[in-house]
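Report on the following structure.
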Amino acid sequence: MSGLVLQTAADLAGLIAAGEVSAHEVVAAHFERIAQVEPQVQAFLALDEERALAAADRVDAKLAAGEKLGPLAGVPLGLKDIFTYQGLPCTVGSRILEGWHPPYDATVVKRLLDADLIIVGKVNMDEFAMGSSTESSAYKVTHNPWNLDYIPGGSSGGSAAALAAFEVALSVGTDTGGSIRQPAAVNSLVGVKPTYGSNSRFGVVAMASSLDVPGPFGRTVLDAALLHEAISGYDPMDSTSLNLPIPPVAQAARSGEIKGYRIGVVKELGGEGYAPGVLQRFNESLALLESAGAEIAEISCPHFTYALGAYYLIMPSEVSSNLARFDAMRYGIRVGDDGKRSAEEVMNLTRGAGFGAEVKRRVIIGTYALSAGYYDAYYGSALKVRTLIQQDFDAAFAKVDVLVSPTSPTTAWKIGERLDDPLAMYKADLCTIPANLAGICAASIPVGLSSENGLPVGFQIMAPAMADDRLYRVGAALERGVADAFGGPVLNQLIGSPAWDALSAQAVAARFPNIILGLAENLS
Amino acid sequence: MALSPDDVARLARLARIDLSQAELEHLAPQLDVILESVAEVSKVAADDVKPTSHAIEIANVFREDEVRPSFTAQQALSGAPVKESGRFRVPQILQEDE
């Protein structure tokens with residue numbers, strides 16, 4: 001393994017810009033690492049080695065010609081398979097889109113390419129981003145690099161696992177109810193859900209449109225901030241895009257100054273149902289922030305108790321409507337078209353065969369919540385709870401600069417453990433959902449390993465809409481405090497551990513084909 | 001409230017999803033538990049609370065009504081499960097007796 005893969009994204013870009021190493025060498029080193037650990041981690045759905053190396057060569061040529069490039073030029077990145085990117089299939093982890101090659105690029109993808117980041121491939125996810133373990137992917141089970149028997153979180157589990165296994169230096173995900181923050185927490189990464197509307201949804205396969213937002217993963221707070229700046233900003237192609245300047249997040253990440261900052265601990269997000277090992281690290285982190293000069297206070301947000309219920313009505317309602325577009329007519333697979341069956345029968349058969357269990361559950365819940373006679377009690381009530389949660393946030397942010405909680409009530413769990421217990425799975429997002437319902441921004445910062453099982457714990461920071469810089473400022477302060485306490489970044493504890501050796505136990509020399517997924521098998 | 005496999009079958013028909021009997025029987029109790037747990041939202045949804053359908057309110061986003069670059073027919077058809085003479089080919093929409 002080349003030492004290059006252990007560098008931060010900011011340092012890699014610095015080395016490339018200074019001519020110490022070529023972008024080609026950096027990208028090639030990551031593909032070597034992928035060949036070594038991917039058989040164990042299983043984070044990727046498609047790899048794009050040839051194009052990635054050609055893009056790296058272009059970065060090297062531009063630098064040789066004296067061009068000044070962006071702060072992440074030449075850095076290899078993993079892209080969640082929810083973004084359209086011409087030249088690679090876009091499956092969203094679902095059979096219903098198997099073999100679909102989108103004819104356009106997502107705005108986030110365009111911005112990544114414009115910033116000279118190198119997309120090495122597309123990473124695994126829960127089907128249509130529905131899940132907290134990446135197990136609902138129709139294609140493969142992704143493993144947590146800290147312990148291969150455990151889930152990598154979800155829905156952006158591939159984005160997180162690839163980054164924690166040092167297969168990429170950065171990755172991009174999407175967050176609807178915690179799908180960036182929870183996988184970041186269970187893999188010991190920085191994951192940020194930006195303010196809703198500050199990152200374009202154009203070219204992101206929709207799950208719940210009023211909640212979905214793309215965002216960055218990094219191994220450090222600064223890496224995440226640099227990626228945040230590269231992908232964010234107004235996009236006229238997304239009608240919910242905010243035409244406002246992006247706050248100076250990289251500057252905040254470099255500063256980390258929190259003297260006099262008021263930090264509110266959400267009373268309702270802790271206590272019973274939370275793992276002692278998670279609460280222990282959370283409380284230690286509060287002490288670190290306090291010694292960095294912050295003032296800590298407890299804040300009550302009484303309606304957060306109802307957030308999970310409201311979310312599991314609003315999200316499935318939007319899902320049932322959004323997923324109606326998968327009708328077997330214009331793209332995706334078609335099943336049972338024998339020349340005799342009607343369009344409606346073919347639609348039924350295709351959706352029955354193409355959607356997995358979790359997608360079916362949510363579409364049916366949404367159909368129920370929106371149906372005549374139940375609309376007011378379910379969907380209507382959930383929209384009111386959304387107002388109450390926003391009011392809780394408004395009242396809290398009048399008193400404090402940021403709110404904090406554990407990112408998730410527990411660490412990662414064993415693969416398969418919650419697969420047939422939807423409610424247990426949903427509870428992984430208990431702490432992350434309120435931020436999505438209110439549209440505010442939030443982040444998860446690594447704060448150490450649980451003393452119960454040695455698995456990573458995440459610390460959630462929430463800030464008002466368009467105050468994303470506060471996440472990075474507090475995140476950087478915490479990152480420094482944790483590094484001082486543990487003698488280095490938490491992720492360093494993975495390197496050289498037995499789990500690290502297990503990652504490359506069955507190293508294979510053979511390179512992967514450029515695209516793992518073939519065209520759709522004929523299911524009919 | 002108890003959701004029966006028959007109720008689920010009706011909802012699946014509305015959602016245009018073909019489900020086997022085994023799936024219906026497996027899903028019904030799971031959906032029942034989920035719905036029971038989310039029903040708590042009605043407890044705090046008083047009449048005087050205004051509903052919020054979107055996190056950040058934006059209304060009436062307009063653009064100039066002008067011709068802009070868009071997909072070619074070939075691009076639009078590139079993902080079609082079946083195409084014919086530059087069009088999407090779909091199964092029959094109307095039955096013989098309709």
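The values are calculated or read from the model by the stated rules, or taken from the named source; none is laboratory data. Computed from a predicted structure; not experimentally measured. Positions of Cβ are generated from backbone atoms using ideal geometry, with glycine treated the same way; all protein chains shown enter the neighbour counts.
Here are some notes:
- Count of residues meeting criterion [under 18 Å from residue A:481 (Cβ atoms) and touching a strand residue (DSSP E or B) at 6+ places or on another chain (Cβ under 9 Å)] in segment A:266-294: 13
- Residue within segment A:416-428 that is small (Gly, Ala, Ser) and closer than 30 Å to residue A:485 by Cβ present: yes
- Segment A:25-50, subset without any contact (Cβ under 8 Å) to a residue 40 or more places away in the chain and closer than 21 Å to residue A:88 by Cα, residue surrounded by the fewest Cβ atoms within 10 Å (Cβ to Cβ): A:32
- If you filter segment A:362-401 down to residues that are of a type in the set (D, E, K, R), buried (at least 19 other Cβ atoms within 10 Å of the Cβ) and in contact (Cβ under 8 Å) with a residue 40 or more places away in the chain, you find that the one that is farthest from residue A:434 (Cα to Cα) is A:362.
- Here residue A:373 meets the list (1) within 7 Å of chain B (Cβ to nearest Cβ); (2) in a loop (DSSP other than H, G, I, E, B) almost entirely, failing just condition (1).
- Number of positions in segment A:381-398 that are charged (D, E, K, R) and more than 7 Å from chain B (Cβ to nearest Cβ): 2
- Residue list for segment A:442-469, filter: within 21 Å of residue A:428 (Cα to Cα) and surrounded by fewer than 24 Cβ atoms within 10 Å (Cβ to Cβ): A:448, A:449, A:450, A:451, A:452, A:453, A:454, A:455
- Taking residues in segment A:57-84 that are over 12 Å from residue A:119 (Cβ atoms), and partners anywhere that are part of a strand (DSSP E or B) and of a type in the set (Val, Ile, Thr), the pairs with Cβ atoms closer than 6 Å and at least 6 places apart or on different chains are A:82/A:174; A:82/A:204.
- Criterion applied to A:279, A:288, A:269 was being more than 13 Å from chain B (Cβ to nearest Cβ), within 21 Å of residue A:397 (Cα to Cα) and among the hydrophobic types (A, V, I, L, M, F, W, C), and the one residue passing it is A:269.
- Restricting segment B:16-42 to residues that are within 15 Å of residue A:362 (Cα to Cα) and among the small types (Gly, Ala, Ser), the residue that is modelled with the lowest pLDDT: B:37
- Flag for residue A:472 being surrounded by fewer than 24 Cβ atoms within 10 Å (Cβ to Cβ), hydroxyl-bearing (Ser, Thr, Tyr) and either more than 19 Å from residue A:297 (Cα to Cα) or modelled with pLDDT of 95 or more (or both): no
- Hey, residue A:368 under 30 Å from residue A:264 (Cα atoms) and either within 7 Å of chain B (Cβ to nearest Cβ) or out of contact with any strand residue (DSSP E or B) (no Cβ under 9 Å at 6 or more places or on another chain) (or both) or not: no
- Summed over segment A:489-524, the residues that are at pLDDT 90 or above and part of a loop (DSSP other than H, G, I, E, B) give a count of 4.
- For residue B:91, the conditions (1) more than 9 Å from chain A (Cβ to nearest Cβ); (2) farther than 28 Å from residue A:376 by Cβ are fulfilled apart from (1).
- Only a single item in (1) hydroxyl-bearing (Ser, Thr, Tyr); (2) touching a Lys or Arg at 6+ places or on another chain (Cβ under 9 Å); (3) at the interface with chain B (Cβ under 8 Å from one of its Cβ atoms) is not met by residue A:378, and it is number (2).
- Out of B:32, B:65, sole residue that is more than 7 Å from chain A (Cβ to nearest Cβ) and more than 30 Å from residue A:236 (Cα to Cα): B:32
- Count - residues of segment A:326-340 that are more than 7 Å from chain B (Cβ to nearest Cβ), in contact (Cβ under 8 Å) with a residue 40 or more places away in the chain and on the phi < 0 side of the Ramachandran plot: 3
- Considering B:12, B:76, B:80, B:2, the condition of being at the interface with chain A (Cβ under 10 Å from one of its Cβ atoms) and in contact with a helix residue (DSSP H, G or I) (Cβ under 8 Å, 6 or more places away or on another chain) is satisfied by B:12 alone.
- Within segment A:90-101, considering residues that are over 17 Å from the mean Cα position of the chain (by Cα) and under 26 Å from residue A:178 (Cβ atoms), the one surrounded by the fewest Cβ atoms within 10 Å (Cβ to Cβ): A:95
- Hey, residue A:116 touching a Leu at 6+ places or on another chain (Cβ under 7 Å), of a type outside the set (S, T, N, Q) and farther than 30 Å from residue A:425 by Cα or not: yes
- Tally, over segment A:341-356, of residues that are part of a helix (DSSP H, G or I) and at the interface with chain B (Cβ under 8 Å from one of its Cβ atoms): 10
- The residue list A:66, A:74, A:87 contains one member that is at pLDDT 95 or above, buried (at least 22 other Cβ atoms within 10 Å of the Cβ) and outside any strand (DSSP E or B), which is A:74.
- The condition of being among the aliphatic types (A, V, I, L, M) and without any contact (Cβ under 8 Å) to a residue 24 or more places away in the chain holds for only one of A:438, A:483, A:465, that being A:483.
- Considering residues of segment A:196-252 that are within 14 Å of another protein chain (Cβ to nearest Cβ) and β-branched (Val, Ile, Thr) only, the residue surrounded by the fewest Cβ atoms within 10 Å (Cβ to Cβ): A:240
- Set side by side, the residues A:183, A:236, A:216 differ, and just one is assigned to a loop (DSSP other than H, G, I, E, B) and either among the small types (Gly, Ala, Ser) or without any contact (Cβ under 8 Å) to a residue 60 or more places away in the chain (or both), which is A:236.
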